[in-house]
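The values are calculated or read from the model by the stated rules, or taken from the named source; none is laboratory data. Not measured: the values here are computed from a predicted model. Don't worry about glycine lacking a Cβ; one is built from the backbone with ideal geometry, like all the others, and counts go over all protein chains shown.
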């Protein structure tokens, strides 16, 4: 039997934060890619070459990998049905990180949506 949320909460939150930050790094790196048309194989090789030379994308992959390892440890301590809904906090983090680092729009409807997500996570955490 898995333990309550307190036993893995910090690991869950760290994993979610690293995943969200990894997503922003991937987007920042993707914005720097110059993908051209042409034969599919040529475009694919060109894209892969740019990706493996892009430190932002590599950093995003690294954060995702570390996030996954931390997640495995976290779910060894907490019931999955309690831990997994917490992953939706990543949407909240990505919204604000995208605003801060990518200059994306923070609309009232998006903020309202993340407040609903936060309420849902809070209710699940109380169970």
| field | Selection within region 83-124 - buried (at least 16 other Cβ atoms within 10 Å of the Cβ), within 13 Å of residue 13 (Cα to Cα) and touching a residue at least 60 places away in the same chain (Cβ under 8 Å) | value | 83, 86, 89, 90, 93
| request: Within region 66-82, track down each residue that is within 12 Å of the chain's Cα centre (by Cα) and surrounded by fewer than 18 Cβ atoms within 10 Å (Cβ to Cβ). | output: 66, 68
| request: For residue 20, work out the one condition from (1) in contact with a helix residue (DSSP H, G or I) (Cβ under 7 Å, 6 or more places away or on another chain); (2) surrounded by 15 or more Cβ atoms within 10 Å (Cβ to Cβ); (3) more than 19 Å from residue 10 (Cβ to Cβ) it doesn't fulfil. | output: (3)
| message | Given the criteria in contact with a helix residue (DSSP H, G or I) (Cβ under 9 Å, 6 or more places away or on another chain), surrounded by 16 or more Cβ atoms within 10 Å (Cβ to Cβ), under 30 Å from residue 92 (Cα atoms) and modelled with pLDDT under 95, does residue 50 qualify? | response | yes
| request: Could you please give the count of residues in region 53-65 that are buried (at least 16 other Cβ atoms within 10 Å of the Cβ) and closer than 13 Å to residue 34 by Cβ? | output: 1
| field | Checking residue 37 against (1) more than 30 Å from residue 78 (Cα to Cα); (2) surrounded by fewer than 15 Cβ atoms within 10 Å (Cβ to Cβ); (3) at pLDDT 95 or above, the condition it does not meet | value | (3)
